[in-house]
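Below: one structure, written as structure tokens.
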Amino acid sequence: MLPYYVNKTERARHGDLLLVQNYYVDEDGEEFDCDDVPAEPLRFHYVWIKNMSALIGAQISKFRKKKSLCKRCLHYFWSEAKLAHHKIDYTEMNTCRPKMSVWVSEIVFKNFKHKEKVPFIIYVDPECILKPIGEEQQGHGTTRAVQQHEPFSMAYYLKCSYDDSLSGFHTYQGPNPASWFAQHLTVIAAWVQDLYENSVDMAPLTEEEKEKLRDPNTCWHICSEKLPPQLRLRARDLCHLTGRYRGPAHQDCNLQYQDSRTIPVVFHNLSNYDAHFFIRDIAINIPGRTTVIPQTMERYVSITKHITGMYVHFRFIDSFRFLASSLDKLSSYLLDTPITRQQFADISDEKFQLVTRKGVFRYEYITAPKKLEERSLPPKE
């Protein structure tokens, strides 16, 4: 179920209607075919919904307690007060409704520009200290806060896919690392924008590359379709960042196959933890609009930051959604990967063991940044 039409205001005597139709088609079935759709025209009928919670409550939760439902997004709450607070934000910010896709018999991939590697990507990891909270600030409910997570450092690695000399590792330790990171993102965006605007000219073609352009072969690196015999309908596809000739292509494919203007920013466990520390500084300190794909009001699948006056933008994503395990477990897999040893062939076995494991950080003991300056372990007591 999903909302088909929602009024802007809900009146005191408000009625909800359920739209039903004379037949349905299971699009998720393995044998689904558009030819199986009956020739009989669809007929619709409205039915009064007497109790919305009873209608869909069992579909969204196994608990039979009455639920307060938002009729715009069908998110449920256990009290009318929480629903009223949710409606204030939802009606002001969300003016769209879900729309179901139409029936199609074949899905064709057309966004060929997504086949190319992104030129730049950023990997980020912040660190927090756990400051104890006094008893007077812990509250008196069944759940009490005993520690406050306060960011004190941040590190990021900027990786360039076509020139490793442009890659770099940067760290910061001090107050407000999120603001420091926002300033660096602004500098990176201006630098990458300058690279795009000052593209590199294509190097002269070799005889082998000229022969490939004349032959009636395929547009192999983009759409894999046959090229037209007329040379005027072909294009020389190149990377504008390096000037490298990539091969012959259709004119339409060449126009679409552009280098991505999106710079992914990867956090591990972004949705559940890291986003709470930097999203405010990113949204405020970098001029431009911020868009999100929300899972809940406090958890986001991804965050996209557009910058005023630039076409380069950042997309913050969570690597935990692709590698659902802890960093300690993921780093242990590096020992079984031959390419890892090839990348670190010039270091000793002892240092290689450190590279392929997660670092040790005593969160319970580090309650203030000054403790990081200690040169010895604390006593066992």
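Which pairs turn up if I take residues in segment 61-72 that are closer than 21 Å to Met297 by Cα and look for partners that are of a type in the set (A, V, I, L, M) with beta carbon separation below 6 Å, at least 6 apart in sequence or on another chain?
Close Cβ pairs satisfying both conditions: Ser68/Leu83; Leu69/Met52; Arg72/Val6.
Picking from Ser332, Ser348, which residue would you name as being at negative phi, loosely packed, with under 14 Cβ neighbours inside 10 Å and among the small types (Gly, Ala, Ser)?
Ser348
Can you pull out every residue in segment 354-381 that is polar (S, T, N, Q) and loosely packed, with under 11 Cβ neighbours inside 10 Å?
The answer is Ser376, and nothing else.
Considering only segment 303-329, state which residues are farther than 17 Å from Leu185 by Cα and crowded, with 16+ Cβ neighbours inside 10 Å.
The answer is Asp318, Ser319, Phe320, Leu327.
How many residues are free of Cβ contacts under 8 Å to residues at least 40 places away in the same chain and over 20 Å from Val108 (Cβ atoms) if we restrict to segment 229-256?
Qualifying residue count, segment 229-256: 13.
Among the listed residues Glu92, Glu106, Glu116, Glu31, identify the single one that is modelled with pLDDT of 70 or more and exposed (fewer than 11 other Cβ atoms within 10 Å of the Cβ).
Only one candidate passes the filter, namely Glu106.
Can you work out which of the residues in segment 74-87 that are surrounded by fewer than 17 Cβ atoms within 10 Å (Cβ to Cβ) and hydrophobic (A, V, I, L, M, F, W, C) is nearest to Leu18 (Cα to Cα)?
Leu74
The values are calculated or read from the model by the stated rules, or taken from the named source; none is laboratory data. Since the model is a prediction, treat every value here as computed from it, not as a measurement. Note that each Cβ is placed from the backbone with ideal geometry, even for glycine, and that neighbours are counted across all protein chains shown.
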